[in-house]
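This report concerns only the one structure given below.
The values are calculated or read from the model by the stated rules, or taken from the named source; none is laboratory data. These numbers come from a predicted model, not from an experiment. Here the Cβ positions follow ideal geometry from the backbone for every residue, glycine too, while neighbour counts run over all protein chains shown.
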Amino acid sequence: MTRKRTKSARYLLFGVAASLIVAIDQLTKFWAEASLVGQGSISVIGELLQFRLAYNNAAAFSWGVGATWVLTTISLVASIALIALSPRIKTMTWALIGGMALGGAVGNLIDRAFKQPEFFNGHVVDFIQIPFNFPIFNLADTFLVIAVSLAILRTLLGDEIGGGRAK
């Protein structure tokens, strides 16, 4: 019974984390589009953190400009893969990492699939800007980077992806 309960808890954490991240990401993007149009940069914490609305038709660092449909397809495949592989998750830590990755992927997938200029070729809403010529990003991007960083750290510490110890 404990094994079944913990498996259910892992599924629940995976699903809740992904759902919350998608919801928060989409709500903040809605807010950004409603509040930041024509505002330029708005200082939140001096020069350290600013909000500025931008629409991104590429991946990070302007990779893939003009290939939005390719990025949309990659996001869709990655999201399906994360869901399909979720039964292999063996620990709560990996359930959280997987949920964060899925939430980030789906958050940007929604934009790419449904935002302007057209279906499956939309631009991602970005609005968070930090100094050092770093690209403007959003919360989905943030959770994707955190998830990938944690996955790399866990594997470097000897975990298999999904949980368990590497042999």
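Scanning segment 115-167 for residues that are assigned to a loop (DSSP other than H, G, I, E, B) and polar (S, T, N, Q), which turns out farthest from Ile24 (Cα to Cα)? Before you say what the answer is, go through the steps one by one.
As a first pass, look at segment 115-167 and keep what is assigned to a loop (DSSP other than H, G, I, E, B): 115-123, 130-136, 138, 157-158, 160-164, 166-167.
Now narrow it down to the ones that are polar (S, T, N, Q): 116, 121, 133, 138.
Values: Gln116: 20, Asn121: 22, Asn133: 26, Asn138: 11 Å.
Among residues in segment 115-167 that are assigned to a loop (DSSP other than H, G, I, E, B) and polar (S, T, N, Q), the one farthest from Ile24 (Cα to Cα) is Asn133.
Would it be correct to say that Thr28 is in a helix (DSSP H, G or I), at pLDDT below 95, under 17 Å from the mean Cα position of the chain (by Cα) and surrounded by 15 or more Cβ atoms within 10 Å (Cβ to Cβ)?
Details: in a helix (DSSP H, G or I): yes; at pLDDT below 95: no; under 17 Å from the mean Cα position of the chain (by Cα): yes; surrounded by 15 or more Cβ atoms within 10 Å (Cβ to Cβ): yes.
The answer is no for Thr28.
Looking only at segment 64-92, which residues are hydrophobic (A, V, I, L, M, F, W, C), more than 30 Å from Ala9 (Cβ to Cβ) and assigned to a loop (DSSP other than H, G, I, E, B)? Quick ask: steps written out before the conclusion?
So the first thing to find is which residues in segment 64-92 are hydrophobic (A, V, I, L, M, F, W, C), and the list is 65, 67, 69-71, 74, 76-78, 80-85, 89, 92.
Narrowing the set further to residues that are more than 30 Å from Ala9 (Cβ to Cβ) leaves 65, 67, 69-71, 74.
Across segment 64-92, the qualifying residues are Val65, Ala67.
Return the pairs, sorted by first residue and then second, in which the second residue is in a strand (DSSP E or B) and surrounded by 14 or more Cβ atoms within 10 Å (Cβ to Cβ), the first residue lies in segment 129-146 and is among the β-branched types (Val, Ile, Thr), the beta carbons are less than 7 Å apart, and the residues are 6+ apart or on different chains.
Ile136/Arg52; Ile136/Ala54; Ile136/Asp126; Ile136/Phe127; Ile136/Ile128; Ile136/Gln129
Determine which member of the set Arg52, Arg112 is outside any helix (DSSP H, G or I) and in contact with a strand residue (DSSP E or B) (Cβ under 8 Å, 6 or more places away or on another chain).
Values: Arg112 fails: outside any helix (DSSP H, G or I).
Just a single option satisfies the conditions, and that option is Arg52.
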